[in-house]
């Protein structure tokens, strides 16, 4: 007689359930229960499928999951601003193109397809997308997750940024006259005459300002915003950002006056000694926006209805709701344009590139050259004498 087959599932009398022990992801056995063999069999199939997916995710994870894992590892090595920026690029430009793909299944054409999707964005977004993708796959290759790096050699792409125009001497005078007496005045003066970045100005404390002897500003702090709140840290954009900048007399005079009135440790801060929050900085910048010409829209309520009113702010006219404000700024002003004006003036006055690199806090002279060298070549009147010397006719020997 043939031996009777062992039952596949064990029936537990005390529970009145069928049971099966299966090995889990940690190598240990777990018990699964079901009221009927069919129900238990269904639970076993679900368990094995989860186990298979876990194995796939561990051995060959989804690109989106691995990208999240990689960026989380970088959080301690990046400034908060850089971390948020990189995470945004990953979420907006890498993960949508790689949805559903696993790391080992990605081919160079998949990377090219992704880069094609960002070709119409700015050059900065284009280059960051490729840089982050390459770092993610390089990390996976070095850790044995993939056998080869699928990132092909990157080709140029993305829209070239619009060339920023530095403020002229007349525009600087107009800007400073417009905001004199407001909280924006000191900010603009530091940007124009010391070239600090926005976060460096907002993180500047009086202990880093020397107004006697050799007047200077030491840049060693930066203020960044996390959910509107200011976070001041001695962690700058790059190592080169830490620098000591000599300052001219007009800025010295401005800072002396500001220091007499200041009740804060920060050059631009609150009376309680804290740095400005993001919303407070935005209100500071409105002193400039409110004096700038252009189309304005505001809202009025009448009989419970909201009405949008649009008007044109014309240069020379007084503001509708504040007769003390005159629309006098008819050019673009941003915190970076103030810094751009400072660096431009240094180069146009003949300061050598290495000195400008140091004062600007650029990590490499190549950055300074790539952004600003065209300034010295866009002024033919400054190089005409050199051209004439090169092509001057050679003297002839009279015989």
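The values are calculated or read from the model by the stated rules, or taken from the named source; none is laboratory data. None of the values given here were measured: they were computed from a predicted structure. Here the Cβ positions follow ideal geometry from the backbone for every residue, glycine too, while neighbour counts run over all protein chains shown.
For region 96-113, how many residues meet the condition of being surrounded by fewer than 20 Cβ atoms within 10 Å (Cβ to Cβ) and part of a helix (DSSP H, G or I)? Step through it out loud before you land on a result.
Restricting attention to region 96-113, the residues satisfying the condition of being surrounded by fewer than 20 Cβ atoms within 10 Å (Cβ to Cβ) are 96-97, 99-102, 104-105, 107-110, 112-113.
With part of a helix (DSSP H, G or I) added as a condition, the list becomes 96-97, 104-105, 108-110, 112-113.
Going through region 96-113 one residue at a time, the tally reaches 9.
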Note to self: When you check residue 208 against the structure, is it surrounded by 12 or more Cβ atoms within 10 Å (Cβ to Cβ), over 20 Å from residue 181 (Cα atoms), in the same structural domain as residue 281 (by TED's automatic domain parsing) and out of contact with any helix residue (DSSP H, G or I) (no Cβ under 9 Å at 6 or more places or on another chain), yes or no?
What the structure shows: yes
Notebook entry, point to check: Is there a residue in region 379-395 that is modelled with pLDDT of 80 or more and surrounded by fewer than 15 Cβ atoms within 10 Å (Cβ to Cβ)?
Noted result: no
Checklist line | Residues (crowded, with 17+ Cβ neighbours inside 10 Å and under 17 Å from the mean Cα position of the chain (by Cα)) located in region 232-247 | finding: 232, 236, 237, 241
Notebook entry, point to check: Only one of (1) within 30 Å of residue 197 (Cβ to Cβ); (2) in contact with a strand residue (DSSP E or B) (Cβ under 9 Å, 6 or more places away or on another chain); (3) assigned to a helix (DSSP H, G or I) fails for residue 120. Which number is that?
Noted result: (3)
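Listed residues 176, 132; which is surrounded by 14 or more Cβ atoms within 10 Å (Cβ to Cβ), in the same structural domain as residue 231 (by TED's automatic domain parsing), part of a helix (DSSP H, G or I) and in contact (Cβ under 8 Å) with a residue 12 or more places away in the chain? Break it down stepwise before answering.
Values: 132 fails: in the same structural domain as residue 231 (by TED's automatic domain parsing).
Going through 176, 132 in turn, the sole match is 176.
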Check: Would a scan of region 83-96 turn up a residue that is outside the structural domain of residue 280 (by TED's automatic domain parsing) and in contact (Cβ under 8 Å) with a residue 60 or more places away in the chain?
Finding: no
Check: Hey, among 258, 240, 222, which residue is closer than 15 Å to residue 82 by Cα and touching a residue at least 12 places away in the same chain (Cβ under 8 Å)?
Finding: 222
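Any residue at all in region 283-300 that is without any contact (Cβ under 8 Å) to a residue 24 or more places away in the chain, surrounded by fewer than 16 Cβ atoms within 10 Å (Cβ to Cβ) and closer than 17 Å to residue 204 by Cβ?
Restricting attention to region 283-300, the residues satisfying the condition of being without any contact (Cβ under 8 Å) to a residue 24 or more places away in the chain are 283, 286, 289, 294-300.
Now restrict to residues that are surrounded by fewer than 16 Cβ atoms within 10 Å (Cβ to Cβ): 283, 286, 289, 294-295, 297-300.
In the following step, the residues that additionally are closer than 17 Å to residue 204 by Cβ were identified as none.
No, region 283-300 contains no residue that is without any contact (Cβ under 8 Å) to a residue 24 or more places away in the chain, surrounded by fewer than 16 Cβ atoms within 10 Å (Cβ to Cβ) and closer than 17 Å to residue 204 by Cβ.
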